1. Rounded to the nearest 20 debye, what is the charge dipole size of the range 14-452 about its Cα centre when +1 sits on each Lys and Arg Cβ and -1 on each Asp and Glu Cβ?
2. Where does each of Thr301, Thr440, Thr42 land when they are ranked from fewest to most other beta-carbon atoms within 10 angstrom?
3. What ranking of Trp274, Trp447 emerges when the number of other C-beta atoms within 10 Å of each C-beta is taken as an exposure proxy, fewest first?
4. Tell me the label-point distance for the pair Ala414, Ile364, using the 7 Å Cα-to-Cβ offset, in nm and rounded to one decimal.
5. Using only the alpha-carbon atoms of the range 33-94, report the extent along each of the three principal axes, biggest first, to the nearest angstrom.
6. Counting only complete DSSP H runs, which helices of the chain cover 24 Å or more along their long axis at the Cα atoms and score a mean Kyte-Doolittle of 1.6 or above?
7. What does the extension gain come out to for Leu437 and Asp117, with contour length at 0.36 nm per residue minus their alpha carbon separation?
8. Using unit Cβ charges (K, R positive; D, E negative) and no other charged atoms, how large, in debye to the nearest 20, is the dipole of the range 65-153 about its Cα centre?
Amino acid sequence: MTPNTKSNGGGLKSLIAKEDWWAVWIGLAFVIVALILVTIGTNMSGIAVSFPGWSNIVDLPGLIAPVLPKLLTLYIVLLIVFTIAVTIMKYNVKQFIAGFTLLFLLSTLVQILASWDVAKTLSLEAPVMALIVGMIIGNFVKIPQWFESGMRTEFYVKTGIVLMGATLPFTLIMDSGPMALFQATVIAVSTFLVIYWVGTRLFNLEKPFAATLGAGGSICGVSASIAIGSSVNAKKEHVSVSISMVVIWATIMVFLLPIICRSIGLSDGSAGAWIGTSEFADAAGVAAAAQFGDGATTTFTLMKVVGRDIFVGVWAFILAIISVTMWERPTEQQLADGTAQKPSAGVIWERFPKFVIGFFVASIIVTLVNLAVSPEMVAAIDSGALSPIKNLRGWAFSLCFLCIGLTTRFRDLAATGWRPFGAFSIGVAVNVILGFLFSTMWLNDYWTAVGASV
């Protein structure tokens with residue numbers, strides 16, 4: 001895949017010319033519209049598409065038929081919204097429409113497969129299924145150029161992250177207590193430093209490359225790789241390799257961690273906390289934690305989303321400063337000919353991932369609204385606004401994971417050599433071991449209690 005790791009732009013033009021900002025506008029627009037609809041007595045359920053469970057393929061036509069009107073509405077809404085954005089950003093509109101249409105059809109197939117009883121038994125949630133289906137197709141079928149135009153991986157994941165902000169009130173951060181932030185911070189910082197040190201010292205990787213790998217393995221996987229890769233001006237192929245490492249290990253962990261948790265008899269709370277500190281992708285982590293119930297899902301959310309994901313902007317800001325002031329010092333020739341990019345607040349802002357702002361704004365909007373209305377309205381917002389937003393977020397992540405799978409070539413991964421894999425894998429070992437010690441030994445009683453209280 002070829003993520004755009006160039007600057008996210010500054011000035012008024014960037015507000016309508018960059019994917020980061022369009023992800024913010026689209027995500028916030030959906031959130032605001034959902035809230036307005038609830039206040040006037042309706043909701044956004046018309047585009048909240050989910051397929052009923054099935055076990056026999058002959059039953060599928062009868063189960064899918066009632067969903068088709070909503071599915072068509074969702075397709076039209078997403079097509080219009082994304083087409084407006086890509087038109088203004090001056091992409092090839094005709095190719096995008098064709099590519100997005102095929103991608104949406106594949107995502108629909110993924111959603112149907114994920115509702116299969118066998119898939120549910122194996123905990124193959126839609127994003128994980130999308131990844132598997134995408135990898136199978138991508139490694140055996142040549143992807144035409146017009147289809148690649150619809151595979152806007154960053155666009156879909158950034159929009160999904162903004163939507164995720166709406167489902168994460170600031171009050172949850174306050175209620176999580178200091179333990180969640182402490183554990184997540186210690187493990188994330190330790191893992192990042194290990195990957196960075198091993199990558200630069202033992203495997204001689206470039207500093208921006210090692211930082212991108214470290215972010216992917218310690219903060220929030222794909223989105224961190226994209227955000228930090230952009231912040232430190234990493235090469236696009238390095239961001240792709242980092243995402244591939246995240247995808248490989250996230251796929252392994254979604255199956256391995258639940259097996260270990262069950263075999264050693266962990267409580268739901270401890271299992272969720274360990275998964276939250278050891279899993280690299282939100283979608284895969286949710287799929288793993290959901291196998292243990294609401295208690296595990298809650299502790300997973302506190303550790304992964306609150307403890308790690310929410311700090312992606314802070315990490316991006318810090319690493320942008322380090323990159324601009326330390327790693328990219330201009331040469332004498334650059335200073336002489338005036339081509340050097342001087343470290344400044346403007347350069348740092350240019351590197352900052354703007355979609356993170358959308359994440360925080362969405363969270364603030366929903367939190368303030370919930371604080372201002374009655375408990376009855378809060379319940380209505382949860383069911384009529386946040387539930388469709390979660391469904392829409394799931395579709396955005398499915399589109400993203402399909403793109404990742406479709407553009408992940410095992411042959412290309414092998415061509416990158418063993419050094420990035422070695423550095424990332426050492427970080428994985430540190431991450432998993434520290435997460436296990438914190439969640440099941442040092443803070444076991446705390447996480448067990450949190451899980452049991454749900």
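Each reported figure results from applying straightforward, stated rules to the coordinates on display, with no laboratory input. Here the structure is a predicted model, which means the values were calculated and not measured. Cβ placement follows ideal geometry from the backbone for every residue including glycine, while neighbour counts extend to all protein chains displayed.
1. Numbers: 24 positive and 23 negative charges, 178 e Å.
It comes to approximately 860 debye.
2. Working: Thr301 23, Thr440 19, Thr42 11.
So the residues, fewest neighbours to most, are Thr42, Thr440, Thr301.
3. Listed from fewest to most nearby Cβ atoms, that is Trp274, Trp447.
4. 5.0
5. 45, 36, 14
6. Details: long enough: 19-39 (30 Å, 1.86); 68-88 (30 Å, 2.34); 93-114 (30 Å, 1.76); 177-197 (31 Å, 1.53); 236-263 (40 Å, 1.45); 355-372 (26 Å, 2.47); 387-406 (28 Å, 0.99); 419-437 (28 Å, 1.56).
Answer set is 19-39, 68-88, 93-114, 355-372.
7. Full-extension gain reported as 111.8 nm.
8. Details: 6 positive and 3 negative charges, 54 e Å.
So the dipole magnitude of the range 65-153 works out to roughly 260 debye.
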